[in-house]
Amino acid sequence: AFHVNNAWGLLIEMLSLGWLVFIAHRLSNELMNVETVENITQIMGMENPAMDIESAQNQIHAEFTRSRHYERPLSLVIYDISGQIVPQGINASDDDFHNLLVNCFTQTRVSQVVAKELRAMDLVLADRDQQRLLLVCPEIDRQAAPQLIEHLDGALQRELGLQLSSGSASFPDDGLTFDGLWYQAKKSLDQKNAGVNPIKVVKPERQFINQ
């Protein structure tokens, strides 16, 4: 009877261990299959203020319609947030999933810092596929766009210790449609990125992770 009880106890322990391994494996697969920054940052308990560009078509159309109707300027700014970004204060890793979380965390923090510096009327958009942040800024003309970028660059360096490449284009000087401005802004960005790493890490004035 003693041996029988031991055998049953061992069997129960093995079954319990197998069940825990199965649950852990399933959870790992679900996390690895997360496809969007929104899903990952929700898991991490963070709010990303950037709207997905595909779901913001109505807002984009409304801003361009308003600018054309009233003949008012509008600028589009593109920030490149691609690549393996590991700012100061975050540990690098050889694990792909860990680095994915780091990148999603950084993209979200970049969006948060930029959104905080912009006006309520400005649109903060995320091009997830190309890992770019797009800013639609009404009433900002070609002369004011570089000043806006300089201000945002200062905030990103101060808050996160990051220097990101950017490009810009303005309505009506550089294009009359969103696609036209996007093409010109991307061309400007690509010229800056030619032969260089689009992301530089510098020492932040503030700690990267808010306490």
Based on the mean of other beta carbon atoms within 10 Å per residue, what is the order of 168-178, 53-63, most packed first? 168-178, 53-63
Whenever you get a sec, compute what percent of the accessible area on segment 127-170 sits on carbon and sulfur atoms (1.4 Å probe). 38 percent
Approximate spin-label separation Asp173-Asn193, in nm, with each point projected 7 Å along Cα-to-Cβ: 2.3 nm
Note the direction-averaged projected area, equal to a quarter of the hull surface, for the Cα convex hull of segment 98-180, in nm². 5.8 nm²
Probe 1.4 Å, all protein chains present, accessible-area order of Leu118, Leu135, largest first: Leu118, Leu135
How much length would be gained if the chain were fully extended between Gln163 and Glu47, taking 0.36 nm per residue of separation minus their Cα-Cα distance, in nm to one decimal? 39.5 nm
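The values are calculated or read from the model by the stated rules, or taken from the named source; none is laboratory data. Source: prediction; values computed, not measured. So basically every Cβ, Gly included, is an ideal-geometry build from the backbone, and we count neighbours across all protein chains shown. Remember, those area values only see protein heavy atoms, side chains included, never the ligands or the DNA or RNA. Shrake-Rupley method; radii C 1.70, N 1.55, O 1.52, S 1.80 Å.
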